[in-house]
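Student: Shown below is the structure under consideration.
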Amino acid sequence: MSILVFAEHDNSSLKQATLSVLAAAKEIGGDIDVLVAGDNCSAVAEEAAKAEGVNKVLLAENAVYGHNLGENLGQLVAEVGNGYSHIMAAAGTTGKDFMPRVAALLDVAQVSDIMGVVDADTFVRPIYAGNAIATVKSKDSTKVITVRPTAFDPVSGEGGSASVENIDVVKDAGVSSFVSEELAKSDRPDLASAGIVISGGRGMQNGENFKMLEQIADLLGAAVGASRAAVDAGFVPNDMQVGQTGKIVAPQLYLAVGISGAIQHLAGMGDSKVIAAINKDEEAPIFQVADYGLVADLFEAVPELEEELKKVL
Amino acid sequence: MKVLVAVKRVIDYNVKVRVKPDNSGVDLANVKMAMNPFCEIAVEEAVRLKEKGVASEIVVVSIGPKAAQEQIRTALALGADRGIHVQTDEEVQSLEAAKLLKAVVEKEEPKMVILGKQSIDSDNNQTGQMLAALTGMGQGTFASEVVVEGEKVNVTREIDGGLMTLSLDLPAVVTTDLRLNEPRYASLPNIMKAKKKPLDATTPDDLGVDISPRLETVKVEAPASRKAGIMVEDVAQLVDKLKNEAKVI
C-alpha cells in the first residue's frame, strides 16, 4: 500500500490538519509520501519532512499552485497520485475544493470527511449532519479520501527525517485566476484547531455583543465561533460558523452562549471533550449534550464569567 | 446566457433523522421530502441573474425518482423556465451524478451551472467539482457572491479564515454557500403557472451513463449519544467545575 497525503499550508508553514491526515494514513498503513504544492514553499516541505511516519516529501513549486486553485491542484494531484493506493487531504475548504476533481479525473469515487478507518478499503463517515454514521467500502483501485482532522489525533511534527524531492509537474488549466483574498486578521487561535472555543448564537442579539465573547476568548486563549442562526442573522461572518454547514470543531472545552443547540449545530461540536452551555431557556436542547449547564441571562452571566475567570486564571 | 441549475430531492431540513433498525440506512418511509437547502440558494441565484438581465434562460435538472419532479416544479415556480428530469429509482452517487449532469451540459451548453455545495443527506460536497473536472470548466465553490462580467465571472468564495475571489472563464461551475442569498418563497400564482412549464424526462440509459455505485454502504448506525451532565447554580460554580473538575481552563 502507498499513500499520498496532500499537505495543507500557507506557503510558509504546514497546517496542523495535515498531521491529523497523516495519523489517518498511518491507520491505513503502508508507505506515506507527502505532496507539498505551492509557490516558494520549500520551508513547508522541510517541515513536512520532519513529521512522524513520512517516507518522502514531493515538492511542486510553481506560481500556478500559489493560491490553491482547484483546477490546477486537481490536475497535479491526479497525475502525481496516479499509482498510489490512497490519496488523502484534510476536509477543509482547500481539500473539499480540489479533491473531487482528482477523483473525477481518475474516474473513482471520493470518500468525504472520514472520521474512522476500518481497513484499507473501509471507512467511517458522518451523513445527515452527523445524525447517522455510515461505514462505506470503496471498490476503486485508488481511494480518494478527505479526512475530518478533529477525528484523528495528530502525529508528531518532529523527529522524522524524510527526503525532499522536487518534482517538475506544472499544471495550469488556464480557466481560473486569483483576484483577491480577505482573511480575517486575528491573534486568536484558528477555530478548527483551538483548544477552547466560545460560541455565540441568536441569543447574542447583534454582532456588537460578540465583543463580550471576544474578551473571554482572550482571557482563555480561545477561538470565537457562532451558530448558523447568528450567521444567518448577520451578526458575524460565515467563517465563524460551527455546524453541519460550517466548521467541525472538537476542542477540550466548548462554551455555548445563547445557542439553543439545533441538530445542525450539534453536528459541528458534539465531539468536544467538555461542553458548557449558558442559555436562559432551560428547555434548550443544548443542555441535553452539555456537561455543565447554566440557566441564566447571558447579558448578566457573561460579564460575571469574565470577572470570575480573572480571579482564577 | 443560459444557466443550468441542478437540484436534489432530500429529506426535509427539519425532519429528525432515524436510522433503520437493521442498520441498512436511514428510514425515509413517509418522511417529508424537500429541495436541498443549498439547491434552493442555487435556484435563487439563477433567478436573480435573470432578473438582472444576465441570464436569459434557466433550465433546472434533477436526478432521482418520479417524485423528484416535485422539486423541479418548485424550481419552476421560483422562476426557472423549464425542467429536465433524469429519472431513476437507483441510488446515484456523486461521480455518477456528475457524469449525468455532464451529459445534460453537453446537450444544453449552458454558460453557467449552479449547484448547491452539498446535499444535506449524503453530505459529500463533490458533485459540482466533479462536473467541473469532467467538463474542463473552472469552478467557484462555496460562493458568497457571483458577478458576471462579459465572458468571465468573479466568484467570491467562503474559505477557511475568510474570503477569496476568483475570476473564471465562462462556462463555469458555481456551488453555493449559505450567505450567497436568501431564497424567496413561491407565490400561489407562480405555483399554478409552473404546472404549465415544460418538463422533459430522460434516463441514465438515454444519456449513456452507467450509474452503478462505486461505494458500498456496509452499515449505517446512530451516532454515539452524549449524556447530559449537570446543571450549575451560578457562574462561580461553572468556573469552579471547569477549572477543578473538568480541568479544561
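Student: Every residue in the range B:82-98 that is farther than 16 Å from residue B:117 by Cα and not small (Gly, Ala, Ser), please.
Tutor: Listed by number, the residues that qualify are B:82, B:84, B:85, B:86, B:87, B:88, B:89, B:90, B:91, B:92, B:96.
Student: Here's another thing I want to ask about it. For residue A:149, only one of the following conditions fails: (1) closer than 23 Å to residue A:45 by Cα; (2) away from every other protein chain (no Cβ under 14 Å); (3) open to solvent by 20 Å² or more (accessible area, probe 1.4 Å). What is its number?
Tutor: All conditions are met except number (2).
Student: If you check residue A:219 against the conditions, is it open to solvent by 30 Å² or more (accessible area, probe 1.4 Å) and in contact with a helix residue (DSSP H, G or I) (Cβ under 6 Å, 6 or more places away or on another chain)? Can you show your working first?
Tutor: Values: open to solvent by 30 Å² or more (accessible area, probe 1.4 Å): yes; in contact with a helix residue (DSSP H, G or I) (Cβ under 6 Å, 6 or more places away or on another chain): yes.
So residue A:219 passes the test.
Student: Answer with yes or no whether residue A:164 is farther than 30 Å from residue B:149 by Cβ, touching a residue at least 40 places away in the same chain (Cβ under 8 Å), part of a strand (DSSP E or B) and open to solvent by 20 Å² or more (accessible area, probe 1.4 Å).
Tutor: Details: farther than 30 Å from residue B:149 by Cβ: yes; touching a residue at least 40 places away in the same chain (Cβ under 8 Å): yes; part of a strand (DSSP E or B): yes; open to solvent by 20 Å² or more (accessible area, probe 1.4 Å): yes.
Here the answer is yes, as residue A:164 does meet what is asked.
Student: Among the numbered criteria (1) within 22 Å of residue B:37 (Cβ to Cβ); (2) touching a Leu at 6+ places or on another chain (Cβ under 7 Å), which one does residue B:105 miss?
Tutor: (1)
Student: Against the conditions (1) part of a helix (DSSP H, G or I); (2) in contact with a Phe, Trp or Tyr (Cβ under 9 Å, 6 or more places away or on another chain); (3) under 21 Å from residue B:164 (Cα atoms), where does residue A:68 fall short? Just the number, please.
Tutor: (1)
Student: Separate question: Quick test of your reading of the structure: residue A:80 fulfils all but one of (1) open to solvent by less than 30 Å² (accessible area, probe 1.4 Å); (2) of a type outside the set (Ser, Thr, Tyr); (3) on the phi > 0 side of the Ramachandran plot; (4) in contact with a Leu (Cβ under 9 Å, 6 or more places away or on another chain). Name the failing condition by number.
Tutor: Here residue A:80 meets the rest and fails (3).
Student: Any residue in the range A:183-206 that is within 9 Å of residue A:222 (Cα to Cα) sitting within a Cβ distance under 7 Å of a residue that is of a type in the set (Lys, Arg)? List the pairs, counting only those 6 or more apart or interchain.
Tutor: Short answer, once both residue conditions are applied: A:191/A:247.
Student: Of the residues that sit in the range A:173-208 and are under 30 Å from residue A:281 (Cβ atoms), within 25 Å of the chain's Cα centre (by Cα) and modelled with pLDDT of 95 or more, which one is surrounded by the most Cβ atoms within 10 Å (Cβ to Cβ)?
Tutor: So, considering only residues that are under 30 Å from residue A:281 (Cβ atoms), within 25 Å of the chain's Cα centre (by Cα) and modelled with pLDDT of 95 or more, the one surrounded by the most Cβ atoms within 10 Å (Cβ to Cβ) is A:199.
Student: Follow-up. Look through A:254, A:292 and report the one residue that is at pLDDT 95 or above, among the hydroxyl-bearing types (Ser, Thr, Tyr) and closer than 20 Å to residue A:189 by Cα. It would help to see each step written out before you state the result.
Tutor: Numbers: A:292 fails: closer than 20 Å to residue A:189 by Cα.
After applying the criteria, what remains is A:254.
Student: What strands (runs of 3 or more DSSP E) lie completely within the range A:238-311 and have 2 or more residues being open to solvent by less than 40 Å² (accessible area, probe 1.4 Å), without any contact (Cβ under 8 Å) to a residue 40 or more places away in the chain and facing chain B (nearest Cβ under 10 Å)? Steps first, please.
Tutor: On the way: elements: A:253-257, A:274-279, A:292-295.
Ranges flagged: A:274-279, A:292-295.
Student: Quick one: residue A:56 ticks every box in (1) touching an Asp or Glu at 6+ places or on another chain (Cβ under 6 Å); (2) within 14 Å of chain B (Cβ to nearest Cβ); (3) touching a residue at least 24 places away in the same chain (Cβ under 8 Å) except a single one, so which number is it?
Tutor: The failed condition is (2).
Conditions (1) in contact with a Pro (Cβ under 9 Å, 6 or more places away or on another chain); (2) farther than 20 Å from residue B:141 by Cα; (3) more than 14 Å from chain A (Cβ to nearest Cβ), marked per residue:
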{"residue": "B:21", "(1), (2), (3)": "no, yes, no"}
{"residue": "B:49", "(1), (2), (3)": "no, no, yes"}
{"residue": "B:69", "(1), (2), (3)": "no, yes, yes"}
{"residue": "B:85", "(1), (2), (3)": "no, yes, yes"}
{"residue": "B:100", "(1), (2), (3)": "yes, no, no"}
{"residue": "B:122", "(1), (2), (3)": "no, no, no"}
{"residue": "B:126", "(1), (2), (3)": "yes, no, no"}
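Student: Could I ask something else about it? Give the range A:13-65 a look and list any residue that's under 18 Å from the mean Cα position of the chain (by Cα) and open to solvent by 40 Å² or more (accessible area, probe 1.4 Å), or say none.
Tutor: If the condition is that a residue be under 18 Å from the mean Cα position of the chain (by Cα) and open to solvent by 40 Å² or more (accessible area, probe 1.4 Å), then A:13, A:15, A:16 are the ones that fit.
Student: Can you name every residue in the range A:120-136 that is more than 8 Å from chain B (Cβ to nearest Cβ) and in contact (Cβ under 8 Å) with a residue 40 or more places away in the chain?
Tutor: A:120
Student: Can you tell me which of (1) β-branched (Val, Ile, Thr); (2) within 19 Å of the chain's Cα centre (by Cα); (3) closer than 30 Å to residue A:53 by Cβ is the one residue A:170 doesn't meet?
Tutor: Just one mismatch for residue A:170, condition (2).
Student: Can you list the helices (runs of 4 or more DSSP H) lying wholly within the range B:1-120 that have 2 or more residues being of a type in the set (Gly, Ala, Ser) and under 23 Å from residue B:188 (Cα atoms)?
Tutor: In the range B:1-120, the matching helices (runs of 4 or more DSSP H) lie at B:37-51, B:69-78.
Student: Oh, and also: Could you tell me which numbered condition residue B:20 fails, if it satisfies all but one of (1) open to solvent by less than 10 Å² (accessible area, probe 1.4 Å); (2) out of contact with any Cys (no Cβ under 9 Å at 6 or more places or on another chain)?
Tutor: (1)
Student: May I ask you to verify whether residue A:146 is modelled with pLDDT of 95 or more, among the hydroxyl-bearing types (Ser, Thr, Tyr) and either part of a helix (DSSP H, G or I) or more than 21 Å from the chain's Cα centre (by Cα) (or both)?
Tutor: Answer is no for this residue.
Student: Can you name every residue in the range B:125-146 that is surrounded by 24 or more Cβ atoms within 10 Å (Cβ to Cβ) and more than 18 Å from residue B:54 (Cβ to Cβ)?
Tutor: Across the range B:125-146, the qualifying residues are B:125, B:126, B:127, B:128, B:129, B:130, B:131, B:132, B:133, B:139, B:141, B:142.
The values are calculated or read from the model by the stated rules, or taken from the named source; none is laboratory data. No experiment lies behind these values; they were computed from the predicted model shown. Note that each Cβ is placed from the backbone with ideal geometry, even for glycine, and that neighbours are counted across all protein chains shown. The area values use the complete protein model at the heavy-atom level, side chains included, leaving out ligands, DNA and RNA. Shrake-Rupley method; radii C 1.70, N 1.55, O 1.52, S 1.80 Å.
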